[in-house]
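Below is one structure, written out as structure tokens, with a few remarks after it.
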Ligand SMILES: Cc1cc2nc3c(=O)[nH]c(=O)nc-3n(C[C@H](O)[C@H](O)[C@H](O)COP(=O)(O)OP(=O)(O)OC[C@H]3O[C@@H](n4cnc5c(N)ncnc54)[C@H](O)[C@@H]3O)c2cc1C
């Protein structure tokens, strides 16, 4: 059977596009080379009963009622508003940094050390936070994460940081926040209900068997699609070590503790998954699981997590993108296809837009 659309990747981007096309009666096949659904948001249940996110902690949040209604079609969520801490000078301090910390250390007034056009991440950080905060919370964390000096990274990266004047301990203040009641994999399984899906199939090794009638949607790495012929885009990934402590209740004050200080080891953060559970179920669990994450530069595309934030990689991506945009019947998209970090709500919104564009009638030659 020939499918109108073949979608490579069963992550959020692929699953949302597949669902949107199937909802209007299109024939769709989804292929993934991993042995499981859900791509980077895959999760599983540890023998203790504690759910673990295979590729790092995922906190769902959005301010959009419409997007929340869309995901709620596939799962219920339990409310979870992450509270993070950073281990700084032996103390668990709020992350994002609380007004209270700044006042304790620097008094009520501080002025940014840098003004003007920031040329790199360090200068951009110095525009929005005191040097003390940068050095204690941000510099070490950033250098562990990217494996290079912070002043060699793009200024745009600092936009993700938030320095608080108040002491709100929540990571974010989005209207809707939570974790799917039965996990992210179940969310994707429900989204793909009725959509033919093949796992353990690498599209790039079997292209000739999977030719769509209309469009190939590819959500894997764009440089890999082209055999890296213009060069390889750089990513960072994380190695994860999981420890089960059968006799402990909780070992951390919250689900995520950041470890910015280089002298505390190479790991960047520690997760205690039980904090992320619905408390009604967490109470019944014996023991706890802690995972430590240590960044590295992966060679295997299955380990790709964060696109590398510098101009050389952005320029290389643009060259692949220009080529992809010229090819009819091909849509390369998603976090790996667009070489871009998307939060889950952004990935969903983007995938819905792209799916609607696929369904829109083509413009006539006058452009209308
Ligand atoms: C460490 C980390 C933590 C994150 N935490 C959060 C968070 O807390 N909150 C939040 O909102 N977002 C978070 N995100 C972002 C979230 O993971 C992404 O928005 C989401 O995974 C994007 O989905 P995707 O479908 O675009 O990509 P992916 O999930 O990577 O899906 C791509 C799929 O394509 C498959 N594939 C690739 N190549 C091939 C091929 N040749 N043949 C067959 N299959 C192929 C892959 O196996 C994969 O399953 C986090 C991201 C990372 C890296």
Hits in the stretch 289-313 - residues which are in contact (Cβ under 8 Å) with a residue 12 or more places away in the chain and more than 22 Å from residue 267 (Cβ to Cβ): 301, 310, 311, 313
field: Every residue from the stretch 326-355 that is over 23 Å from the mean Cα position of the chain (by Cα) and either under 30 Å from residue 178 (Cα atoms) or free of Cβ contacts under 8 Å to residues at least 24 places away in the same chain (or both)
entry: 326, 327, 328
message: Looking only at the stretch 57-72, filter to residues that are part of a loop (DSSP other than H, G, I, E, B) and buried (at least 17 other Cβ atoms within 10 Å of the Cβ); which one of those is nearest to the chain's Cα centre (by Cα)?
response: 58
task: Go through the residues of the stretch 314-325 one by one and say whether even a single one is touching a residue at least 24 places away in the same chain (Cβ under 8 Å), closer than 30 Å to residue 243 by Cβ and in a helix (DSSP H, G or I).
output: no
task: Scan the stretch 10-35 for residues that are out of contact with any strand residue (DSSP E or B) (no Cβ under 6 Å at 6 or more places or on another chain), under 11 Å from residue 197 (Cβ atoms) and assigned to a loop (DSSP other than H, G, I, E, B) and jot them down.
output: 32
message: Looking at the stretch 289-311, can you tell me whether even one residue there is over 22 Å from the mean Cα position of the chain (by Cα) and not assigned by TED's automatic domain parsing to the domain that holds residue 149?
response: no
- prompt: Looking at this structure, is residue 322 at pLDDT below 95, over 24 Å from residue 4 (Cβ atoms) and not assigned by TED's automatic domain parsing to the domain that holds residue 142?
  reply: no
- request: Collect the residues in the stretch 342-353 that are surrounded by fewer than 20 Cβ atoms within 10 Å (Cβ to Cβ) and more than 8 Å from the ligand (Cβ to nearest atom), keeping them in residue-number order.
  value: 349, 352, 353
message: Please go through (1) touching a residue at least 60 places away in the same chain (Cβ under 8 Å); (2) surrounded by 14 or more Cβ atoms within 10 Å (Cβ to Cβ); (3) more than 15 Å from the ligand (Cβ to nearest atom) for residue 286 and return the number of the only condition it doesn't satisfy.
response: (2)
- request: Starting from residues that are more than 21 Å from the chain's Cα centre (by Cα) and surrounded by fewer than 18 Cβ atoms within 10 Å (Cβ to Cβ), keep the ones in the stretch 15-45 and report whichever is farthest from the ligand (Cβ to nearest atom).
  value: 25
message: So, restricting to helices (runs of 4 or more DSSP H) that lie completely within the stretch 79-186, which ones have at least 2 residues that are touching a residue at least 40 places away in the same chain (Cβ under 8 Å)?
response: 99-106, 140-146
- prompt: When both residues are 6+ apart or on different chains and their Cβ atoms are under 7 Å apart, which pairs have a first residue that lies in the stretch 205-224 and is over 15 Å from residue 29 (Cα atoms) and assigned by TED's automatic domain parsing to the domain that holds residue 9, and a second that is in a strand (DSSP E or B) and near the ligand (Cβ under 9 Å from one of its atoms)?
  reply: 220/8
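The values are calculated or read from the model by the stated rules, or taken from the named source; none is laboratory data. Predicted model, so just to flag it, every value in this text is computed and none were measured. Quick reminder, even Gly has a Cβ in these numbers, built from the backbone with ideal geometry, and neighbours come from all protein chains shown.
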